[in-house]
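Enquirer: For reference, the structure I am asking about is given below.
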Amino acid sequence: VHVCFCGSHPALFAAQMSECRNLTSLFLVLGDITQKGYEKKRAKLLAPYVPQTQGVDPALQKETRTQTPAPSAAPASASSSSSSSSKFHRARSGGARDERYRSDIHTEAVQAALAKHKEQKMALPMPTKRRSTFVQSPADACTPPDTSSASEDEGSLRRQAALSAALHQSLQNAESWINRSIQGSSTSSSASSTLSHGEGKGTSGSLADVFANTRIENFSVPPDVTATTSSSSARPAAIDLPPSGIVKGMHKGSNRSSLMDTADGVPVSSRVSTKIQQLLNTLKRPKRPPLKEFFVDDFEEIVEVPQPDPNQPKPEGRQMTPVKGEPLGVVCNWPPALEAALQRWGTTQAKCPCLTALDVTGKPVYTLTYGKLWSRSLKLAYTLLNKLGTKNEPVLKPGDRVALVYPNNDPVMFMVAFYGCLLAEVIPVPIEVPLTRKDAGGQQIGFLLGSCGIALALTTEVCLKGLPKTQNGEIVQFKGWPRLKWVVTDSKYLSKSPKDWQPNISAAGTEPAYIEYKTSKEGSVMGVTVSRIAMLSHCQALSQACNYSEGETIVNVLDFKKDAGLWHGILTNVMNKLHTISVPYSVMKTCPLSWVQRVHAHKAKVALVKCRDLHWAMMAHRDQRDVSLSSLRMLIVTDGANPWSVSSCDAFLSLFQSHGLKPEAICPCATSPEAMTIAIRRPGVPGAPLPGRAILSMNGLSFGVIRVNTEDKNSALTVQDVGHVMPGGMMCIVKPDGPPQLCKTDEIGEICVSSRAGGMMYYGLAGVTKNTFEVIPVNSSGSPVGDVPFVRSGLLGFVGPGSLVFVVGKMDGLLTVSGRRHNADDIVATGLAVESIKTVYRGRIAVFSVSVFYDERIVVVAEQRPDASEEDSFQWMSRVLQAIDSIHQVGVYCLALVPANTLPKTPLGGIHISQTKQHFLEGSLHPCNILMCPHTCVTNLPKPRQKQPGVGPASVMVGNLVAGKRIAQASGRDLGQIEDNDLVKKHQFLTEVLQWRAQATPDHPLFLLLNAKGTTVCTATCLQLHKKAERIASILYEKGHLNAGDNVVLLYPPGIELISAFYGCLYAGCIPVTVRPPHAQSLTATLPTVRMIVEVSNGVQPRAGRSKLPAPRHRGEKAIYKIYTSLFVLYDLPRKRLSQVYKPPTPEMLAYLDFSVSTTGMLTGVKMSHAAVSGLCRAIKLQCELYSSRQIAICLDPYCGLGFVLWCLCSVYSGHQSILIPPMELESNLFLWLSTVSQYKIRDTFCSYSVMELCTKGLGNQVEMLKARGINLSCVRTCVVVAEERPRVSLTHSFSKLFKDIGLSSRAVSTTFGSRVNVAICLQGTSGPDPTTVYVDLKSLRHDRVRLVERGAPQSLLLSESGKVIPSPVDLTVSPLPVQIWVNSPHTASGYYTIYDNETLQADHFNTRLSFGDAAQTLWARTGYLGFVRRTELTAASGERHDALYVVGALDETLELRGLRYHPIDIETSVSRTHRSIAECAVFTWTNLLVVVVELCGCEQEALDLVPLVTNVVLEEHYLIVGVVVVVDPGVIPINSRGEKQRMHLRDSFLADQLDPIYVAYNM
């Protein structure tokens, strides 16, 4: 085995400049040099190796050292604890306990690693945070958390002491990661000595300003992080840029920041884009493992599997053979059972002390003698068996389980209860006292109690009184706990046993004696069952190993309910008639030296401690000079299994050797609940050489191989042995995962033990038991070695020379990242070695891994001090990332800081890791700072896709991915013979139809307008409408002097006046342009659109209805009036009759212009001819079966698209009555639309998604109230959502489900599909088959393929048909790929109407021909939407099989990332699901970075919880790394009247820094 044993000088080997250090340490060891002289000599020797920092007081670079020269062989550099005697120490902020977790060597390594990074000048963008978000409440600010908390289960606390000056200097020299010296100030970045002793920081202004002033080299073209070949070239440039106008509207504060060129060459002055630019520059660094180049099948994205590194170290030794411990000696007077020993001592040595308890101040308060223990246990046993129930129905029988609930400061009552149970032959299950209903891990304890079938809990009177109670005084039902009966075991409540009653004490057998609980890595609690024979054998083995003799005194600082505290202090104690002094945790907190004083006062021979107790004693030792530890023959360090315990032991020895502590007395041991004591170092012989250390390479360890550390001194791990195998035991090392194959001699594996002294099973869990307690090791060929079963201990380690056992970590703390194994404890130690006095509480750090995107990812969570500044925290975080990266060669996925005292605690105050992890994954951790590094960590993304050039829809692609022979084409049914009257033959124009209706049915009501209360405000019959239109036309002639063909802008609120004005324009031969009036509350947002439309349509005379243009109150509103060249406000219409109604010469003449702003911010106007209008009205009339006797309800905006057609045109054409409900009225009365439909018994109603969402969210929980109001929707035959997007299936489904109770048919809701080039392509109508749905594979969609999958398939997307293709000669063509949908139809618009007549775009979109096939001669219009047609099994009205059109999404909205096409809605749907507080979400890209904006509807504390959740879900479901996460207030994401998100507006606001976000996280 390659293990280097270097005597007792581990530090000398690991230090960076060993020769120099040897000399200096030697001087100090020999004791012939003063402290001052030592410093001087040392500085001189090290000068050539350590670059000096300019501008730093040399005195501050001194190392603070203990002044006691160490006479022992322990080297000063390893053992000096700089905590106590340093003169600076007391002045440190909160410094009382800060120094205790350091590993000197490791800290040095970390600092050296950080110094290395100084060459890489990286500027990390700091997250942007709203000030109000994390104001700490006064209570929080005043109570620092209990930093002393010893972590019981998680080795986070046993960190080490003693830091040396070399690292301060190397660190002061190192520029921190956040390159603060940009401004030219020489700062000594966070070198603790400097900052903590009050030297000025040297930086001025906030970090954000520094960033703003930074010009980073070569940033004109940001790197393409996502490795696509080109940035999305498909989109016209006009969409891609934020308008350069942003620059004008800069904030006053941002004028110093340099104008940066964005990727597109448009200068954007904003803090945000500067930060993104920095982020991009940071991301230029290559990821560690280079991506492997291999072919990726287009169809299936392949996640890269990390290939094993060919140079990684491999084990070379032979296969190990199991190691045997010495035989278990046979001592004649050892009892046949533990209970027999108690009986013997209790009756023959009744006066001997057994257990001494201390009070809060650390003074002995009560001593339990063996006589008292025996008599009380007997009383309890009798009471349990005979007095709890009736004689015929006892509550407890032998073999039943009972819970023991005793506080940590009452060992006496616990011991009596434990032995009382043993004597009664019931099985005790000791657990912690529950403090609140929602203790961390409390539910899992409840699970254990339930699975053990426990109905009875024993406790003390005091403890029972302290348990949380309900109002009527009963004990609360703890979460997840079974119903318990509580029994108080105080003596006064116990019945004395009759003389003739004797407990049954048989020889120890395999029946269970007690159950010890253990918490697994996932947080589940299991009960390890220990048999009576195992309990006895273990006591015998401990007695032999520790050489216990009768009457010895031992001091126990551990928890006496489990593990070594129970085994030594309660069980072996009675076996050997020892006297235990139990020092509770609460006393240690107030008086850390109490255990040392107890050893001194009682001349104790043995002390049981953990590393934390050694630290506490060192912290306080100045207060007690006269203690002596010379009586100790064994100082058992029970967490010797933690590799970081070595420096605690060294530091403690160096400090207390002068107090009589013998070096050979320090005995580390390794324990686990399953295997109990695995190994313990036997007490040494005075003068014999101390056992050696192993200095291992961390890199080797991560591959599970033992290698002596030679190459990189920074990443070494020094471990001490934990002695030899227990007497009577046998040990082997097996591979941690897979079958239990024996390891090679130089391989790290899980330690397995075979002995009579070990657990027998997990109670009630047969499956897990088999894998843990009944392991038969196998050799490399897989055949079993022997037939002796072993128990897995859960510890990782190896057997070194001389059969010494070394432990390097726990299975529970194992983090397996990309095939390499890291130990959580090691990472904690590295984090703590980064100087953190101002930022986080030492020892309050949790490290765990979460599984994201096919690999484990490391998460580090620490508690931040209340007084830590934002900058300090961020700097500390970046340094921790660097240190872990350098030393462990692994990236941290997420580093989070939470407010002080908020991490869930274990009963003894450590961090409850599994609960912390659960909070992190649920989004309830509430961090106050967070840094995610997915770009650095995630290296297994599939290779970006290369685009296939020039694939026509019908080409058959290689590999038969697409067998696209038939161009998918769908047609509406023919209009030919289905006309109802000769209306159409006679009247080609709508104006003629209206005139004809005014003569034929003058009093037939066409329109009815409702207000918010549901009352009719206005109606219009055929004649009224005709007359109004005539009057308006005459005004246009007379006052406006307009000619036929002039454009007129109509600025009206939704209503009948808008309709009359529209027909007035047609009567006058003008071309109407309907425009939504600007909104008085948000002029800045709505006015520009109005202005643009007016300017584009050559803005002749816009006009406003009587009611509505607000009088100009301030500058902004005057702007409205300035836009318009001439403005008519119509008050009184003249009574004059129009001489003649204008009749267009041909149907191809323009009827009106339809303007609308797309979600990408493009304003497009299309020209609608008279022929198109009649064709469209005719098609809708047939599809929806509209006749003059029909009533329909419309709740839509009447300004563009199908909404306008339904509101203004259809009623006139078909003669049905339209009930008009302006959508804005719903804001004040949610019931309006549904109650109207119910009241008028409407069969067909049309609405928008925003209306449907309003009703679903607002009325979802008020269905009963709707019933009470008498609202009934059973009359509704079709409820059609008018939209120009992919159907929102989840919304329509929930709407149908919610209102099913008030009669809504499940078949009623359907959608339409239209686009700019053709406003109505699909409409469900009444006669066709029901809309169909399909599930398609999302991965294939990204590759522009359609693959249908079953429901419930992973990564599947539910698509619903967008209604039936409308009747008319509409032809659609798409291929089996989701390519663009093209239409050919009489009611397609004639073309785009723009100010700059962009002919190429026009030809491209309106007059395209297919390049092949029969349809090549037809002229098609491109809709700009992706979709596909699928022939279904259903029959259409024509009798043929029905072709369903599925719309996937708008082409210009898609994001092109990594060569794949993403629809924003898919990413947004995933994000919205991740946390209950996400109200809405929108995504967009900026220079190939994906930006996710989420609206937070919870409290602002939850803002940072969303960052990791959003990053995780997008990575898992879409294989994309989020670049920036922006958390904003509800309502910030702009949504248009159709209910569509305006992502481009959002993007522009974000880049112009106008969002006022709660938090912006830049993922690294």
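Enquirer: Quick one: which of Ser1294, Ser1290, Ser1327 is under 22 Å from Ile1194 (Cα atoms) and modelled with pLDDT of 90 or more?
Expert: On the way: Ser1290 fails: under 22 Å from Ile1194 (Cα atoms); Ser1327 fails: modelled with pLDDT of 90 or more.
Checking each option against the conditions leaves just Ser1294.
Enquirer: Now for a separate question. Are any residues in the stretch 541-565 buried (at least 24 other Cβ atoms within 10 Å of the Cβ) and within 20 Å of Val791 (Cβ to Cβ), and if so, which ones?
Expert: Within the stretch 541-565, Ala541, Leu542, Ala545, Ala564 qualify.
Enquirer: Any residue at all in the stretch 408-421 that's among the hydrophobic types (A, V, I, L, M, F, W, C), touching a Cys at 6+ places or on another chain (Cβ under 8 Å) and either within 24 Å of Pro584 (Cβ to Cβ) or part of a helix (DSSP H, G or I) (or both)?
Expert: Step one: list which residues in the stretch 408-421 are among the hydrophobic types (A, V, I, L, M, F, W, C), which gives 412-418, 421.
Those left that are additionally touching a Cys at 6+ places or on another chain (Cβ under 8 Å): 415.
Next, only the ones that are either within 24 Å of Pro584 (Cβ to Cβ) or part of a helix (DSSP H, G or I) (or both) stay: 415.
Yes, that holds for at least one residue.
Enquirer: Additional query: Residue by residue through the stretch 584-629, note down the ones that are of a type in the set (Val, Ile, Thr), in a helix (DSSP H, G or I) and modelled with pLDDT of 90 or more. Talk me through it step by step, then tell me what you get.
Expert: Narrowing the stretch 584-629 to residues of a type in the set (Val, Ile, Thr): 587, 590, 596, 599, 606, 609, 627.
Retained after the next criterion (residues that are in a helix (DSSP H, G or I)): 587, 590, 596, 599.
Scanning the stretch 584-629 gives Val596, Val599.
Enquirer: Something else now. If Glu835 passes every condition in (1) open to solvent by 10 Å² or more (accessible area, probe 1.4 Å); (2) in contact with a helix residue (DSSP H, G or I) (Cβ under 8 Å, 6 or more places away or on another chain); (3) closer than 18 Å to Val722 by Cβ but one, which one does it miss?
Expert: That leaves (3) as the condition not met.
Enquirer: Follow-up question, since we're still on this one. Of the numbered conditions (1) open to solvent by less than 10 Å² (accessible area, probe 1.4 Å); (2) β-branched (Val, Ile, Thr); (3) part of a helix (DSSP H, G or I), Val1317 satisfies every one except a single condition; which is it?
Expert: Only one criterion in (1) open to solvent by less than 10 Å² (accessible area, probe 1.4 Å); (2) β-branched (Val, Ile, Thr); (3) part of a helix (DSSP H, G or I) is unmet by Val1317, namely (3).
Enquirer: Return the residues of the stretch 1195-1251 that are polar (S, T, N, Q) and part of a loop (DSSP other than H, G, I, E, B); say none if nothing qualifies.
Expert: Pass one, the stretch 1195-1251, residues polar (S, T, N, Q): 1211, 1214, 1217-1218, 1228-1229, 1235-1236, 1238-1239, 1245, 1248, 1250.
Correct list: Ser1228, Asn1229, Ser1248.
Enquirer: Oh, and also: Any idea which of Ala1012, Ala1061 is buried (at least 22 other Cβ atoms within 10 Å of the Cβ) and at pLDDT 90 or above? Walk me through it before giving the result.
Expert: Values: Ala1012 fails: buried (at least 22 other Cβ atoms within 10 Å of the Cβ).
Exactly one residue qualifies, and that residue is Ala1061.
Enquirer: Is there a residue in the stretch 428-447 that is within 12 Å of Tyr517 (Cα to Cα) and more than 37 Å from the chain's Cα centre (by Cα)?
Expert: Scanning the stretch 428-447, I find at least one residue that is within 12 Å of Tyr517 (Cα to Cα) and more than 37 Å from the chain's Cα centre (by Cα), so the answer is yes.
Enquirer: When you go through Val395, Val412, Val405 one by one, which is the residue that is out of contact with any Lys or Arg (no Cβ under 6 Å at 6 or more places or on another chain), crowded, with 16+ Cβ neighbours inside 10 Å, more than 14 Å from Trp501 (Cβ to Cβ) and modelled with pLDDT under 90? Step through it out loud before you land on a result.
Expert: Working: Val412 fails: modelled with pLDDT under 90; Val405 fails: modelled with pLDDT under 90.
Answer to the selection: Val395.
Enquirer: For residues that are out of contact with any Gly (no Cβ under 7 Å at 6 or more places or on another chain) and assigned to a loop (DSSP other than H, G, I, E, B), scanning just the stretch 1263-1274, find the one that is surrounded by the most Cβ atoms within 10 Å (Cβ to Cβ). Break it down stepwise before answering.
Expert: Going through the stretch 1263-1274, the residues out of contact with any Gly (no Cβ under 7 Å at 6 or more places or on another chain) turn out to be 1263-1271.
Okay, now just the ones that are also assigned to a loop (DSSP other than H, G, I, E, B), so 1269-1271.
On the way: Arg1269: 14, Gly1270: 10, Ile1271: 20.
Only one residue tops the list, namely Ile1271.
Enquirer: Right, another one. Residues that are touching a residue at least 24 places away in the same chain (Cβ under 8 Å) and over 60 Å from the mean Cα position of the chain (by Cα), at least 2 per element: which helices (runs of 4 or more DSSP H) completely within the stretch 981-1098 meet that?
Expert: Because the criterion is at least 2 residues that are touching a residue at least 24 places away in the same chain (Cβ under 8 Å) and over 60 Å from the mean Cα position of the chain (by Cα), the helices (runs of 4 or more DSSP H) in the stretch 981-1098 that meet it are 990-1000, 1022-1038, 1056-1068.
Enquirer: Let me ask another. Out of the residues in the stretch 1275-1308 that are aliphatic (A, V, I, L, M) and within 30 Å of the chain's Cα centre (by Cα), state the one that is surrounded by the most Cβ atoms within 10 Å (Cβ to Cβ). I'd like the intermediate steps shown before the answer.
Expert: At the first step, the residues of the stretch 1275-1308 found to be aliphatic (A, V, I, L, M) are 1276, 1280-1283, 1289, 1291, 1298, 1302, 1304, 1308.
Still in the list and also within 30 Å of the chain's Cα centre (by Cα): 1289, 1291.
On the way: Val1289: 15, Leu1291: 17.
The extreme case among them is Leu1291.
Enquirer: Being over 55 Å from the mean Cα position of the chain (by Cα) and either of a type in the set (A, V, I, L, M) or assigned to a helix (DSSP H, G or I) (or both) narrows it down to one of Ala350, Ala357, so name that one.
Expert: Details: Ala357 fails: over 55 Å from the mean Cα position of the chain (by Cα).
Every option except Ala350 fails the conditions.
Enquirer: If you don't mind, there's one more thing I want to ask. Could you tell me how many of the residues in the stretch 452-493 are part of a helix (DSSP H, G or I), hydroxyl-bearing (Ser, Thr, Tyr) and either touching a helix residue (DSSP H, G or I) at 6+ places or on another chain (Cβ under 7 Å) or open to solvent by less than 50 Å² (accessible area, probe 1.4 Å) (or both)?
Expert: The initial filter retains those residues of the stretch 452-493 that are part of a helix (DSSP H, G or I), namely 461-466, 491-493.
Those still in the list that are hydroxyl-bearing (Ser, Thr, Tyr) too: 491, 493.
Now narrow it down to the ones that are either touching a helix residue (DSSP H, G or I) at 6+ places or on another chain (Cβ under 7 Å) or open to solvent by less than 50 Å² (accessible area, probe 1.4 Å) (or both): 491.
Here the count works out to 1.
Enquirer: Take the residues in the stretch 901-927 that are among the small types (Gly, Ala, Ser) and either assigned to a helix (DSSP H, G or I) or open to solvent by 10 Å² or more (accessible area, probe 1.4 Å) (or both), then tell me which one is farthest from Pro434 (Cα to Cα). Walk me through how you get there before you give the answer.
Expert: Going through the stretch 901-927, the residues among the small types (Gly, Ala, Ser) turn out to be 909-910, 914, 923-924.
Right, trim to either assigned to a helix (DSSP H, G or I) or open to solvent by 10 Å² or more (accessible area, probe 1.4 Å) (or both) and you get 914, 924.
Working: Ser914: 18, Ser924: 22 Å.
The residue in question is Ser924.
Enquirer: Need a quick list: strands (runs of 3 or more DSSP E) entirely within the stretch 1452-1503 having at least 1 residues that are under 13 Å from Val1522 (Cα atoms) and free of Cβ contacts under 8 Å to residues at least 60 places away in the same chain. Give the steps one after another, and end with the answer.
Expert: Working: elements: 1455-1457, 1460-1462, 1478-1486, 1489-1496.
Per the criteria, 1489-1496.
Enquirer: A further question on this structure: Determine which single condition Gln1501 fails, assuming it passes every other condition in (1) modelled with pLDDT under 95; (2) surrounded by 21 or more Cβ atoms within 10 Å (Cβ to Cβ).
Expert: Of (1) modelled with pLDDT under 95; (2) surrounded by 21 or more Cβ atoms within 10 Å (Cβ to Cβ), only one is false for Gln1501: (2).
Enquirer: Follow-up. Identify, please: which residue in the stretch 573-589 is farther than 14 Å from Val555 by Cβ and touching a Phe, Trp or Tyr at 6+ places or on another chain (Cβ under 9 Å) and is, among those, most open to solvent (accessible area, probe 1.4 Å)?
Expert: Lys589
Enquirer: Right, something else. What are the pairs with Cβ atoms under 6 angstrom where one residue, in the stretch 371-386, is more than 13 Å from Ala417 (Cβ to Cβ) and the other, located anywhere, is outside any helix (DSSP H, G or I)? Sequence gap at least six, or different chains.
Expert: Filtered contacts from the stretch 371-386: Gly371/Ala350; Tyr382/Ser497; Tyr382/Trp501.
Enquirer: A further question follows. Check the stretch 466-480 and report whether any residue there is out of contact with any strand residue (DSSP E or B) (no Cβ under 9 Å at 6 or more places or on another chain), small (Gly, Ala, Ser) and at pLDDT below 90. Even if it seems obvious, please write down each step before you answer.
Expert: Step one: filter the stretch 466-480 for residues out of contact with any strand residue (DSSP E or B) (no Cβ under 9 Å at 6 or more places or on another chain), giving 466, 470-474, 477-480.
Filter again for small (Gly, Ala, Ser), leaving 466, 473, 480.
Of the ones still in play, those that are also at pLDDT below 90 are 473, 480.
There is at least one residue in the stretch 466-480 that is out of contact with any strand residue (DSSP E or B) (no Cβ under 9 Å at 6 or more places or on another chain), small (Gly, Ala, Ser) and at pLDDT below 90.
Enquirer: Please specify each residue of the stretch 1421-1451 satisfying the condition of being open to solvent by 30 Å² or more (accessible area, probe 1.4 Å) and in a strand (DSSP E or B).
Expert: Residues satisfying the conditions are Arg1422, Arg1430, Arg1431, Glu1433, Leu1434, Thr1435, Arg1441.
Enquirer: Can you tell me which condition Val859 does not meet? The list is (1) of a type outside the set (Ser, Thr, Tyr); (2) under 20 Å from Asn1563 (Cα atoms); (3) open to solvent by 10 Å² or more (accessible area, probe 1.4 Å), and all the others hold.
Expert: With respect to (1) of a type outside the set (Ser, Thr, Tyr); (2) under 20 Å from Asn1563 (Cα atoms); (3) open to solvent by 10 Å² or more (accessible area, probe 1.4 Å), Val859 is out only on (3).
The values are calculated or read from the model by the stated rules, or taken from the named source; none is laboratory data. Remember, predicted model here, so these are calculated numbers, not experimental data. All Cβ positions, glycine included, derive from the backbone under ideal geometry; neighbour counts span all protein chains shown. Heads up: the accessible areas ignore ligands, DNA and RNA and are worked out on the full protein's heavy atoms, side chains in. Shrake-Rupley method; radii C 1.70, N 1.55, O 1.52, S 1.80 Å.
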